[in-house]
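Let me begin by presenting the structure, written as structure tokens, before commenting on it.
The values are calculated or read from the model by the stated rules, or taken from the named source; none is laboratory data. Bear in mind the structure is a predicted one, so any value in this text is a computation, not a measurement. Methodologically, a virtual Cβ is constructed for each residue, glycine included, from the backbone with ideal geometry; neighbour enumeration extends over all protein chains shown. For accessibility, only protein heavy atoms count, side chains too; no ligands or nucleic acids. Shrake-Rupley method; radii C 1.70, N 1.55, O 1.52, S 1.80 Å.
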Amino acid sequence: VILTGTDPSSRKGGIGFAMAGYIEALERRDIPYRSIPTYHPDDFRGRWLLFVLALPRILADIRSARRKSKGVVVYSHAGAGVSLVREGVVLAFSKLFGASTVVQIHAPQTEKYLTNRLKKVLFKIALSGADRIAVLTPWWQNRFIQAGITQPVYVISNPLPPSLLKQAIKKRKKNRLPGTTKNGNILSL
């Protein structure tokens, strides 16, 4: 698996925050992976130079795996606008050289792409390099299908980063927290 998109060392943005959980999931399943960032939000060069430098690295990994008779999956995480264009190019490039491709869409702006005729055409072009599409919720999956997206659409929710996952699964004391009911539900307005 080749992961592309935001540099995992960045914790900015939704996917930057969740990327550590994706990596931990791959490691727990002993799935070989390599992260080849195409974007870093803290550096101007990270917006385009990383993308340009990533293409030959992706090609080298695809060719190396094919020489060993191994398959390659390029798993891209795309946001909106320029991010979608950048990852669309990565996917088309990767597919051209024999990789299977998956894009996970994270941007709420996607709804605007699906409701405007011209934007919808451009969105579908950007997704044309993806063999499969992943979205965060069943609602988005239905929305993509209703919009006529032809690739298979799967739901893959963002994982928690490892530090928050430990907190989430940690056993709690039997004492209730303020603002909770007897069964532990949090009350809010």
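Could you work out how far apart the two model spin labels at Glu111 and Thr137 are, taking each label as a point 7 Å from the Cα in the direction of the beta carbon, and quote it in nm?
Placing both labels 7 Å beyond Cα along the Cβ direction yields 0.9 nm.
Roughly how many percent of the accessible protein surface of the stretch 1-117 is carbon and sulfur, given a 1.4 Å probe and a whole-percent answer?
The nonpolar share, carbon plus sulfur, comes to 58 percent.
My understanding is that a pair violates if its Cα-Cα distance is over 27 Å; which of Lys68/Lys95; Lys95/Lys124; Lys95/Lys120; Lys70/Lys112 do that in this structure?
The answer is Lys70/Lys112.
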